[in-house]
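The structure under discussion appears below in the form of structure tokens.
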Amino acid sequence: MLLANDPPHAFMPYPAVAVPGAAHGPLQSLTFGVKDIFDVAGYRTACGNPVKLAESPVATEHTPAAAALLAAGAQFVGKTHTEELAWSLYGTNAHFGTPLNPAAPDRVPGGSSSGSASAVASRLCDIALGSDTGGSVRAPASFCGLYGLRPTHGAISLARCMPLAPSFDTCGFFARDAATLGAVSDVLLPPAAAKASRVMIARDLFARLPAAALDAIMPAVEKLQAALGKATPVDVYDRPVAEPYDAFRILQLHEAGTLHAPWVESRKPVLHPSIAQRFVAAKKVTDADVARARAARSSFSEHLLSLYGDDGLMIAPVLHGPAPRLDSSAAEFEAYRDAAMAFLCPAGLAGLPQLVLPAGKVDGAPLGVSILGPRGSDRSLLEAALRATA
């Protein structure tokens with residue numbers, strides 16, 4: 001860590017190693033952190049687990065996204081905490097501690113990109129890289145009152161990054177304002193492949209919101225509609241929510257288990273109980289389960305791609321409520337996750353970009369709203385956010 005102090009416990013306490021970058025560039029006035037599943041030359045990569053940390057060599061190359069930020073003049077200030085193996089939604093790492101949610105100190109910061117969200121929300125850096133497999137940028141952004149982008153799947157290279165579930169994994173990023181997020185996108189994202197302009201609103205997802213959440217975000221939704229144009233109500237789900245959610249759950253278990261179970265079985269690390277339970281569940285996934293899940297994913301993705309077409313832009317809730325409280329029970333955390341995945345899994349299943357914007361507060365805690373578009377429309381979403389916040 002290159003910062004003198006880290007009151008919110010957002011950064012891994014690695015020995016400070018200077019990481020040189022360009023002296024000038026479009027991001028030269030900005031600082032950034034990197035989630036500790038991505039390699040940064042001169043640093044180890046712990047992936048949220050002390051055994052991984054002990055085994056990690058010092059990296060000799062940067063992950064491409066960090067290299068691009070450095071080349072654009074941004075200054076690296078440290079590697080940020082992550083949940084264990086990047087496999088949870090809350091940010092409560094049993095080994096290295098839980099970063100502060102400065103927007104709601106009695107609540108979790110969100111995960112697995114917990115330190116990245118905490119660092120940006122605490123103004124310790126301007127930008128932070130995170131990963132998003134099932135919501136690990138989108139949930140922390142909503143919980144901490146930030147802008148955050150889960151990009152189109154495959155838009156940003158994941159070289160020199162610990163994979164979790166590769167068919168869902170993305171490299172995303174956080175900022176405190178839309179202009180900064182847009183400047184980062186100019187550096188990290190490829191040229192636009194689609195233009196999102198036909199405005200829709202996710203009728204069925206808004207109908208799932210509790211009254212307090214709906215009241216909190218509606219002013220922001222109305223502002224988006226005023227800036228972007230009248231929105232046509234549509235349903236995201238053309239089938240019971242349980243079917244796509246189950247497809248996501250099974251495929252994530254299968255992919256994460258295939259990648260990490262051999263390491264878990266050989267090293268026998270102490271894992272948080274919820275993470276350990278997921279590896280137990282992964283062993284029970286059969287080839288038939290995977291085949292059914294892939295078919296369900298394909299069918300639901302075809303529906304979503306047809307809904308968005310080449311130009312659809314959808315306004316949708318990010319989550320059904322603000323961050324759970326730090327003292328929530330295991331059952332409360334699990335119930336929150338089950339409800340949250342109805343909102344989070346569509347973008348992951350279809351590989352769509354989703355941009356989170358701060359929207360309102362429930363019981364004093366932030367809750368975001370989001371805009372989504374077809375694959376390759378990331379820049380259009382950022383342009384829309386800039387119009388809505390002008």
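The values are calculated or read from the model by the stated rules, or taken from the named source; none is laboratory data. Since this is a predicted model, take the numbers as computed values, not measurements. Reconstructed Cβ throughout: ideal geometry from the backbone, glycine too, with neighbour counts over all protein chains shown. To get the accessible areas, we keep the full protein, side chains included, count just its heavy atoms, and leave off ligands, DNA and RNA. Shrake-Rupley method; radii C 1.70, N 1.55, O 1.52, S 1.80 Å.
With a 1.4 Å probe and all protein chains left in place, how much of the accessible area of the range 1-55 comes from carbon and sulfur atoms, in whole percent?
Carbon-and-sulfur percentage of accessible area, whole number: 61.
With +1 assigned to the C-beta of every Lys and Arg and -1 to the C-beta of every Asp and Glu, and no other charges, what is the dipole magnitude of the range 225-365 about the Cα centre in debye, to the nearest 20?
Dipole about the Cα centre, nearest 20: 400 debye.
Place a +1 charge on the Cβ of each Lys and Arg in the chain and a -1 charge on the Cβ of each Asp and Glu, then give the dipole magnitude about the Cα centre in debye, rounded to the nearest 20.
Charge dipole of the chain: 120 debye, to the nearest 20.
What is the extension gain from A159 to K268, computed as 0.36 nm multiplied by their sequence separation minus the C-alpha to C-alpha distance, in nm to one decimal?
Length gained between A159 and K268: 36.6 nm.
So what's the back-of-envelope 222 nm ellipticity for the chain, counting only DSSP H runs of four-plus at -39500 (n - 2.57) apiece and dividing by all residues, rounded to 500?
My calculation for the chain gives -12500 deg cm²/dmol from helical runs alone.
Does the chain come out rounded, prolate or oblate, given a ≥ b ≥ c as the square roots of the eigenvalues of its C-alpha gyration tensor, rounded meaning a/c under 1.5 and, failing that, prolate meaning a/b above b/c? Display every interim value, and only then the final one.
On the way: a/c = 1.43, a/b = 1.13, b/c = 1.26.
It is rounded, given that a/c, with a ≥ b ≥ c, falls under 1.5.
Need one value: the accessible area of K223 in square angstrom, 1.4 angstrom probe, rounded to the nearest 10.
110 Å²
Given all pairs of different Cα atoms, what value in angstroms does the Kirkwood hydrodynamic radius of the range 1-129 take?
By the Kirkwood definition, the hydrodynamic radius is 14.3 Å.
How much area per residue is accessible in the chain when the probe is 1.4 Å and only protein heavy atoms are counted (Å²)?
Result: 37 Å² per residue.
Using a probe of 1.4 angstrom, how much of the accessible area of the range 293-385 is carbon and sulfur, in percent?
Values: 1420 of 2850 Å².
Answer for the range 293-385 is 50 percent, counting heavy atoms of protein chains only.
What's the carbon and sulfur percent of the range 139-192's accessible surface, probe 1.4 angstrom, rounded to a whole number?
57 percent
Kindly state, to the nearest 0.05, the FRET efficiency for A16 paired with A94, given R0 = 35 Å and r defined as their beta-carbon distance.
Rounded to the nearest 0.05, the efficiency is 0.85.
Order the peptides 343-351, 18-26 from the highest to the lowest mean number of other Cβ atoms within 10 Å of their residues.
In decreasing order of mean packing, 343-351, 18-26 become 343-351, 18-26.
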